[in-house]
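The values are calculated or read from the model by the stated rules, or taken from the named source; none is laboratory data. Since this is a predicted model, take the numbers as computed values, not measurements. Methodologically, a virtual Cβ is constructed for each residue, glycine included, from the backbone with ideal geometry; neighbour enumeration extends over all protein chains shown. Protein only, heavy atoms only, side chains kept; ligands, DNA and RNA dropped before computing areas. Shrake-Rupley method; radii C 1.70, N 1.55, O 1.52, S 1.80 Å.
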Amino acid sequence: GENVEQHPSTLSVQEGDSAVIKCTYSDSASNYFPWYKQELGKRPQLIIDIRSNVGEKKDQRIAVTLNKTAKHFSLHITETQPEDSAVYFCAASNNGNQFYFGTGTSLTVIP
Amino acid sequence: GAVVSQHPSRVICKSGTSVKIECRSLDFQATTMFWYRQFPKKSLMLMATSNEGSKATYEQGVEKDKFLINHASLTLSTLTVTSAHPEDSSFYICSAREDTLAGAKNIQYFGAGTRLSVL
């Protein structure tokens, strides 16, 4: 089955700096890669996603890149703010049939 | 946006009892729903994929007789933890994938989760 690895497990950045979280996947059949933000005690929320026919996608301060050949994808958050502090999960899916999650990154943005 | 309701949010039960958790898509239809288990400060582990009108697909290592899944309508899936034991204590989260006329959108919407504590 699919194996998703995520790094780093914890990340602290100064407010205004950028944060980058990286994931790798093993199953070449995976073609949909969402990123979720989970605040303490709350449900995961989709923040951005990318499909395998696209190499990069951007939504305001958040961007995701995908390298299908190397089987890795990354989340980039620019101009970080304290409210960006949360746990971020990447996931890989084959047409939305199953979702396999990375191990999570706890991001702390220091004011 | 799409809303998924999950109940109960918290349940405490004695060892040996069964617990049912409901997952409802409130404003959309979902042929497919997913059940996850999340340990403290850990990732979401996919337990099973629930398909309306057919048997659920369980991930390797998940006991289907222990975790019974029923998806009898396009808006409701239930997970029953049978004969629960302390090691079943965990945070269970469901999600629903919205159906569209053009096929599944791939996007899943999460419930708020159920904290199960087995004494």
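Average the reciprocal distances over every distinct pair of alpha-carbons in region B:55-98, invert the result, and give the Kirkwood radius in Å. Write down the numbers at each step before the final one.
On the way: mean 1/r = 0.0842 Å⁻¹.
It is 11.9 Å.
Which entries of A:LYS22/B:LYS66; A:LYS22/B:LYS42; A:LYS71/B:LYS55; A:LYS58/B:LYS55 show an alpha-carbon separation above 27 angstrom in the structure shown?
The answer is A:LYS22/B:LYS66; A:LYS71/B:LYS55; A:LYS58/B:LYS55.
Computed from the mean reciprocal separation of all distinct C-alpha pairs, what Kirkwood hydrodynamic radius does region B:1-73 have, in Å?
On the way: mean 1/r = 0.0726 Å⁻¹.
After inverting the pairwise mean of 1/r, the radius is 13.8 Å.
What is the calculated FRET efficiency for B:SER15 to B:VAL62, with r their C-beta to C-beta distance and R₀ = 22 Å, to the nearest 0.05?
On the way: r = 20 Å, r/R0 = 0.90.
Rounded to the nearest 0.05, the efficiency is 0.65.
Over region B:1-67, what is the mean sequence separation of C-alpha contacts under 8 Å (at least six apart), divided by residue count, expressed as relative contact order in percent?
Dividing the mean separation by the residue count of region B:1-67 yields 22 percent.
Using heavy-atom solvent-accessible surface (probe 1.4 Å) with all chains present, what is the largest-first order of B:MET33, B:MET45?
B:MET45, B:MET33
Could you work out what % of the accessible surface of region A:28-86 is carbon and sulfur, using a 1.4 angstrom probe and leaving DNA, RNA and ligands out of the count? Intermediate results must be reported in sequence, preceding the final value.
Working: 1420 of 3170 Å².
Its accessible area is 45 percent carbon and sulfur atoms.
Quick one: P(r) of chain A from all Cα-Cα pairs, 10 Å bins, percents rounded to integers, in order of increasing distance.
For chain A, the binned pair fractions read 15, 50, 29, 6, 0 percent.
Mind checking the mean number of beta-carbon atoms from other chains within 10 Å of the Cβ atoms in A:92-100? Don't skip to the answer; put the middle values down first.
Values: counts 0, 3, 1, 3, 10, 8, 7, 9, 5.
Average neighbour count from other chains, rounded to a whole number: 5.
Could you list which residues have their amide H under 5 Å from that of A:SER12, counting only those 5 or more apart in sequence or on another chain, with H placed in the peptide plane?
When sequence neighbours closer than 5 places are left aside, the close amide H contacts are A:THR108.
What distance in nm lies between label points placed 7 Å from Cα along the C-beta direction at A:ASN97 and A:ILE62?
Result: 2.7 nm between the two label points.
Probe radius 1.4 Å, ligands and nucleic acids left out: can you give me the accessible area buried at the B-A interface, summed over both chains, in Å² to the nearest hundred?
Between B and A, the summed buried area is about 1600 Å².
Roughly how many nanometres apart are two label points built 7 Å out from the Cα toward the Cβ at B:LYS55 and B:ASP27?
3.7 nm
Averaged per residue, what accessible area in Å² does chain B show with a 1.4 Å probe, protein chains only? Display every interim value, and only then the final one.
Values: 5820 Å² over 119 residues.
Per-residue value: 49 Å².
Run the simple label-point estimate for A:THR78 and A:SER18 please: 7 Å along Cα→C-beta, distance reported in nm.
0.7 nm
Roughly what percent of Cα-Cα pairs across the protein assembly as shown reach past 29 Å?
On the way: 7297 of 26335 pairs.
In whole percent, the long-distance tail amounts to 28.
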